[in-house]
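For reference, the structure is listed below as structure tokens.
The values are calculated or read from the model by the stated rules, or taken from the named source; none is laboratory data. Every value quoted in this text rests on a predicted model; they were computed, and no experiment measured them. Cβ atoms come from the backbone with ideal geometry, glycine included; neighbour counts cover every protein chain shown. Side chains included, ligands, DNA and RNA excluded: accessible areas come from the protein's heavy atoms. Shrake-Rupley method; radii C 1.70, N 1.55, O 1.52, S 1.80 Å.
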Amino acid sequence: MSRNLLIGGALTALFVAATLLSFFWTPGDVEALDIARRLRPPGAENLLGTDHFGRDILSMIMVGARTSIAVALVAVGIGMGLGVPLGLAAAANSGGWLDEVISRLSDLIFAFPSLVIAILITAVFGAGAINAIIAIGIFNIPVFARLTRGAALSLWKREFIMAARVSGKSRARISAEHILPNVANLLIVQGTIQFSLGILAEAALSYVGLGAQPPVPSWGRMLADAQTMVALAPHVAIIPGLAIVFMVLGLNLLGDGLRDALDPRLKVMRT
Amino acid sequence: MTRPLSSGRTHPLDPEGAPPLLDISGLTVTIHDKTILDAISLQIAAGEIVALTGESGSGKSITAFATMGLLPSVAKATGRISLDGEDLLSQPESRLCALRGNAMGMIFQEPMTALNPVQTIGAQVMETILIHADATRAAGEDARPPIRAEERAREVLDRVGLPQDRFPLSRYPHELSGGQRQRVVIAMAIALRPALLIADEPTTALDVTTQAQILDLLGELVREDGMALMMITHDLAVVSDMADRIAVMRKGEIVEQGPTATLFAQMRHPYTRALFEASRHKADLGQTRPENTLLRVEGVSRDYALPRTKLFAPRAHFRAVDRVSFDIRRGERVGLVGESGCGKSTLTRAILGLEAVAEGRITLDGEPVFTEGHPNLAVRRKMQVVFQDPYGSFNPRHRVDRLITEPFHLLPDPPKGAARTQAIADALTAVGLQPGDAGKYIHAFSGGQRQRIAIARALIIRPELIVFDEAVSALDVRVRAQILDLMAQLSRDYGLTYLFISHDLSVVRSITDRVLVMRAGRIVEQGVTTEVFDTPAHAYTRALVAAAPTLPEEGAS
Amino acid sequence: MLRYALKRLASLIVSLAVASVVIFLVVEVAPGDPASFMLGINARPDTVAALRAELGLDASPLQRYLAWVGGMLTGDFGTSYTYRTPVSEMIGDRLWISLPLAIYALTLSTLIAFPAGILAASRRGSPRDIGVMAATQLGVAIPNFWFAMLLVLLFAINLRWFSAGGFPGWDNPFQAMKALTLPAIALALPQAAILARVMRSALIDILSEDFIRTARAKGLTRGQALRRHGLRNALIPVLTIIGLQFSFLLAGAIIIEQVFFLPGLGRLIFQSITQRDLIVVESVVMLLVFAVILVNFLVDLAYAAVDPRLRTRA
């Protein structure tokens, strides 16, 4: 097992475990405000210190991870659930009108500045986790559609696909039976990367106040709240940021490690 | 068309004369402790053509790269390679850079990818000249008069048969054909008149008529400039009337070397003999009594739309297959030969019912293969195909039993349980494999075994017609001979009818009763295979036959 | 070449048209009526109706769409519901912060990424390569707005080299650039990490191409082959990423402006969102989309300059 896979897997597992644990136990209460204990630096009592309302930052991070992971996971789910079938369909009908429509649409979505549109969507329909998911998810669709189409197109030229066609199998059946299993590795790796990008996008949206709304804790808003206090108590700003960095780093290393383990020649998309 | 003659030296290494230009002695190359080349020795004199031949993995190309100093960094070379008295293995990289392109040039197998796609051919030829002019200047040696790079590039392109009016320096590689690109690569290699030219399978990727032209050109360059040529090829026939000497390689060793005529006359090493025999192998087809018509192709045409050249002009069409008609009778073994782009692949897809045709009809047993936009499954059941690439023909994620039973999908009532197991075992046994192989994944098999599995897949539903699409082109000669024998045996045992599509005339000759010659979308000639090849009627067939390299008769000297 | 350019131009126009429809529709289905919002819940229905007429809200959606698009084509972006001033004026000043910021960041990112990517690719597996890759792995994971906060903490609060925020205006270009420097660095470094990785992998792919081997056989050193034959070919995938990154930089600029209290388009958008001044939101978003589509058009033209195959094939 490669070092990437090991470190990435361990970091990711740590965050997932902490998130699951938060449903049963957190070191402190994230809803109880205690102004007397505000802005304490990291120490024995509060491992990562307290915020401006005296809440335990470690607990906030554990609970905030739920939002990050849920938003990113569902957004990847939307992207894969819609993008992969579209990409498969486009490749199976390469050169046809369906391919043309799907390719043009993904080009178009790519041309949009994603975060700006996310801002527009949340601005119009109101801030909140659900709209953040939709906004991020929409931009995952063309990523998976393009990736799947490209990989599938090169598979369609392979002789084993021709053999399946000579055996009378329909394009849909070939897509499911031969194409999808052979692009699965690529999708897993890209999924990991999109997951990490989702974490970053969710943090950005909730930082500008368009993500999950209070009282649901989120990493982005912890940073927004900390901004005015950065000179006074740097740990309030530094720690949630480190949580994001380690989570994203873990996922990216996991993605790279998976790619190396599955097939080092896989071409993922990075933006 | 005349074939290049050898440079005429029968005893190239004159014991009294000058030392050889290239002297390789005891060259050993290891990669990760695995021996790739095992103490080989080889000499090439100025003006001499020495061929290095052998099957894939024999170490031919490694020898060339070791000489050029372009081995991968993980490879370790020991022994001695001396070029004009200078030991190359002990030279620093900077000295090797000064020698490459200047004292020794190299030509590669794949002309389509050997040129930088974003630079003009002129710039790429000039680069050879300029890079060495820079180096000379930097070293403070001004002995050589500066060569005017552009002038020389033009001169050398003219020399390789790319004249100014059709091939100005400003052309880009994508505007040239494969043969023309190979000429550019040659021009780059000979721009500074190197003493040694290394050609690594220079014609393997080219059509047979283009191959003959490139071989002519190389022979001419050696003759006129007195260059030494190291010619690497897997095809004995290519070098049989060109090389002064031949070295036969196998698993990193030179098993036999000697003057061409002597080598063919004596063939002291059994491996040389095996290669020679496999190269001119004639499969035993047995007798066949063709019956009623099985496949009928009537006036079939297929067009492809070309990209628009003007914004609003209607799309132009390219006619890939042009009013082709022929019949195949039950029990016949028919060949289809033609060069790349002649339309044989398009025709194959149409016969297999994978694509509709623009006009005409294709019927099998009287039933159309393609009706109303859909392939006709009842007809397709009677037809199977074997493709060229033993590595791309199988889904790597499935086991052999699943791979070879895929055609069962065509049957209304596919065998199940014990009947299925029996069918798998029968098919595998028929192609010389074990029933126990059914549980293995495809990566456990060699190229030749994979082609056997591909044939098993085609046989499993007992089709009436099998299309072999370049089915032995990717195989080494000895494996190829075995697969051809298998096909002949199956055809004798099962009365198989097949259409054998290939660019290789010698193979078609050995495995078919009747042949169709295709050019530019049309069948230009058809008839009994031996008659067509021995007394070709059409000018194109004559050119093809003349261009195809042939081995000398056995025992001839 | 002309054919290619015209084709890309046509695609640009279609993209813009579709984008404008999408943006208009999204805003159209937005809940809430701007007129009632502006006048408060106690407003009389006839006052609301009068305001609706004044704002042009009583016309059919198609008419309003055409008026909006037609206006934008002549530089008229409509009138802010909240401030009753032309949106184009509001955008004008702020654009001169956001746009230079994005370009500044893109330049920095390219200047950092190219050498880093080339350095890593030219000695694959060396300590240099491993170092660059580790740095980029970290860079990719850092949220730019958090990085911005760290920069403020270090350079503005502790070292006092830069001010923590605000913008002095372009009267003094040096001061203006100085004010944009920390935000640009915050934006550029994470993007540079991605670009360097793309550059590296593109170069590594190309170094295994046959034509690099041909170049080596001509007597070029590894470095010469990389520079003369690798770079220009690697530029093709790298340009794609630069085009995509511009969109991220613009969006990033909007967020970074929040950290540095820069009165750019980002501030304008968030202000307008809270005030439900949707015409401003709509127009600013359209402008940003236009900028991104325009940059991608320029990238397409750059492809053709790099790759002769595109010019003839189109």
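For the range C:137-176, filtering for residues that are in a loop (DSSP other than H, G, I, E, B), crowded, with 19+ Cβ neighbours inside 10 Å and either in contact with a Cys (Cβ under 9 Å, 6 or more places away or on another chain) or at the interface with chain A (Cβ under 9 Å from one of its Cβ atoms) (or both) leaves 2. Only one entry of B:387, B:370 meets the criterion of being at pLDDT 90 or above, under 13 Å from residue A:166 (Cα atoms) and buried (at least 18 other Cβ atoms within 10 Å of the Cβ), and that entry is B:387. State whether one or more residues within the range C:207-226 are assigned to a helix (DSSP H, G or I) and β-branched (Val, Ile, Thr). For the range C:207-226, residues assigned to a helix (DSSP H, G or I) and β-branched (Val, Ile, Thr): present.
Against the conditions (1) open to solvent by less than 20 Å² (accessible area, probe 1.4 Å); (2) within 23 Å of residue B:391 (Cβ to Cβ); (3) in contact with a Phe, Trp or Tyr (Cβ under 9 Å, 6 or more places away or on another chain), residue B:474 satisfies every one except (1).
Name the residue, out of A:191, A:241, that is closer than 21 Å to residue A:22 by Cα and touching a Phe, Trp or Tyr at 6+ places or on another chain (Cβ under 9 Å).
A:241 is the lone residue from the list that is closer than 21 Å to residue A:22 by Cα and touching a Phe, Trp or Tyr at 6+ places or on another chain (Cβ under 9 Å).
Mind checking whether some residue in the range A:49-62 is among the small types (Gly, Ala, Ser), open to solvent by less than 30 Å² (accessible area, probe 1.4 Å) and closer than 27 Å to residue A:196 by Cα? Yes. Here C:250, C:235, C:220, C:262 are screened, and the one residue that is closer than 29 Å to residue A:207 by Cβ, facing another protein chain (nearest Cβ under 10 Å) and buried (at least 19 other Cβ atoms within 10 Å of the Cβ) is C:250. Residues that are of a type in the set (S, T, N, Q) number at least 2 in the following helices (runs of 4 or more DSSP H) confined to the range B:400-518: B:417-430, B:447-459, B:477-494, B:505-511.
Only residues that are surrounded by 13 or more Cβ atoms within 10 Å (Cβ to Cβ) and modelled with pLDDT of 85 or more were counted in the range C:40-65, giving 2. From the set of residues in the range A:149-170 that are of a type in the set (A, V, I, L, M, F, W, C) and more than 9 Å from every other protein chain (Cβ to nearest Cβ), which is surrounded by the most Cβ atoms within 10 Å (Cβ to Cβ)? So, considering only residues that are of a type in the set (A, V, I, L, M, F, W, C) and more than 9 Å from every other protein chain (Cβ to nearest Cβ), the one surrounded by the most Cβ atoms within 10 Å (Cβ to Cβ) is A:152. Which of the residues belonging to the range B:107-131 are open to solvent by 10 Å² or more (accessible area, probe 1.4 Å) and touching a Phe, Trp or Tyr at 6+ places or on another chain (Cβ under 8 Å)? Passing the criteria: B:113, B:117, B:119, B:120.
A quick yes/no check of all residues on (1) among the acidic types (Asp, Glu); (2) part of a helix (DSSP H, G or I); (3) at the interface with chain C (Cβ under 10 Å from one of its Cβ atoms); (4) at negative phi:
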site: A:77; (1), (2), (3), (4): no, yes, no, yes
site: A:81; (1), (2), (3), (4): no, yes, no, yes
site: A:85; (1), (2), (3), (4): no, yes, no, yes
site: A:88; (1), (2), (3), (4): no, yes, no, yes
site: A:91; (1), (2), (3), (4): no, yes, no, yes
site: A:95; (1), (2), (3), (4): no, no, no, no
site: A:99; (1), (2), (3), (4): yes, yes, no, yes
site: A:108; (1), (2), (3), (4): no, yes, yes, yes
site: A:116; (1), (2), (3), (4): no, yes, yes, yes
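Can you spot a residue in the range B:544-556 that is modelled with pLDDT of 90 or more, open to solvent by less than 10 Å² (accessible area, probe 1.4 Å) and not in a helix (DSSP H, G or I)? No, that holds for no residue.
Here is a yes/no grid of residues against (1) in contact with a strand residue (DSSP E or B) (Cβ under 8 Å, 6 or more places away or on another chain); (2) within 14 Å of chain B (Cβ to nearest Cβ); (3) part of a loop (DSSP other than H, G, I, E, B):
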site: A:177; (1), (2), (3): no, yes, no
site: A:181; (1), (2), (3): no, yes, no
site: A:192; (1), (2), (3): no, no, no
site: A:201; (1), (2), (3): no, no, no
site: A:215; (1), (2), (3): no, no, yes
site: A:226; (1), (2), (3): no, no, no
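Has the range A:4-20 got at least one residue that is at pLDDT below 90, of a type outside the set (A, V, I, L, M), closer than 26 Å to residue A:195 by Cβ and open to solvent by 40 Å² or more (accessible area, probe 1.4 Å)?
Yes: the range A:4-20 contains one or more residues that are at pLDDT below 90, of a type outside the set (A, V, I, L, M), closer than 26 Å to residue A:195 by Cβ and open to solvent by 40 Å² or more (accessible area, probe 1.4 Å).
Within the range B:342-355, the only residue that satisfies the criterion of being open to solvent by 50 Å² or more (accessible area, probe 1.4 Å) and free of Cβ contacts under 8 Å to residues at least 60 places away in the same chain is B:349. Taken as a whole, the condition of being more than 29 Å from residue C:239 (Cα to Cα), within 27 Å of the chain's Cα centre (by Cα), assigned to a helix (DSSP H, G or I) and touching a residue at least 24 places away in the same chain (Cβ under 8 Å) does not apply to residue C:133.
Conditions (1) under 27 Å from the mean Cα position of the chain (by Cα); (2) of a type outside the set (Phe, Trp, Tyr); (3) more than 18 Å from residue A:217 (Cα to Cα); (4) part of a helix (DSSP H, G or I), marked per residue:
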{"residue": "A:6", "(1), (2), (3), (4)": "yes, yes, yes, yes"}
{"residue": "A:10", "(1), (2), (3), (4)": "yes, yes, yes, yes"}
{"residue": "A:14", "(1), (2), (3), (4)": "yes, yes, yes, yes"}
{"residue": "A:20", "(1), (2), (3), (4)": "yes, yes, no, yes"}
{"residue": "A:26", "(1), (2), (3), (4)": "yes, yes, no, no"}
{"residue": "A:30", "(1), (2), (3), (4)": "yes, yes, no, no"}
{"residue": "A:41", "(1), (2), (3), (4)": "no, yes, yes, no"}
{"residue": "A:44", "(1), (2), (3), (4)": "no, yes, yes, no"}
{"residue": "A:48", "(1), (2), (3), (4)": "yes, yes, no, no"}
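The condition (being closer than 20 Å to residue B:61 by Cα, away from chain C (no Cβ under 14 Å) and either open to solvent by less than 20 Å² (accessible area, probe 1.4 Å) or of a type in the set (A, V, I, L, M, F, W, C) (or both)) is satisfied by just one residue among B:222, B:185, B:208, B:239: B:239.
Evaluate the range C:177-184: report whether one residue or more is more than 14 Å from chain A (Cβ to nearest Cβ), free of Cβ contacts under 8 Å to residues at least 24 places away in the same chain, among the charged types (D, E, K, R) and open to solvent by 20 Å² or more (accessible area, probe 1.4 Å). Scanning the range C:177-184 turns up at least one residue that is more than 14 Å from chain A (Cβ to nearest Cβ), free of Cβ contacts under 8 Å to residues at least 24 places away in the same chain, among the charged types (D, E, K, R) and open to solvent by 20 Å² or more (accessible area, probe 1.4 Å). Of all the listed residues (B:36, B:40, B:129), the sole one being within 14 Å of another protein chain (Cβ to nearest Cβ) and either in a strand (DSSP E or B) or more than 30 Å from the chain's Cα centre (by Cα) (or both) is B:129. Of the listed requirements (1) assigned to a helix (DSSP H, G or I); (2) over 15 Å from residue B:402 (Cα atoms); (3) of a type in the set (Gly, Ala, Ser), residue A:164 misses just one: (2).
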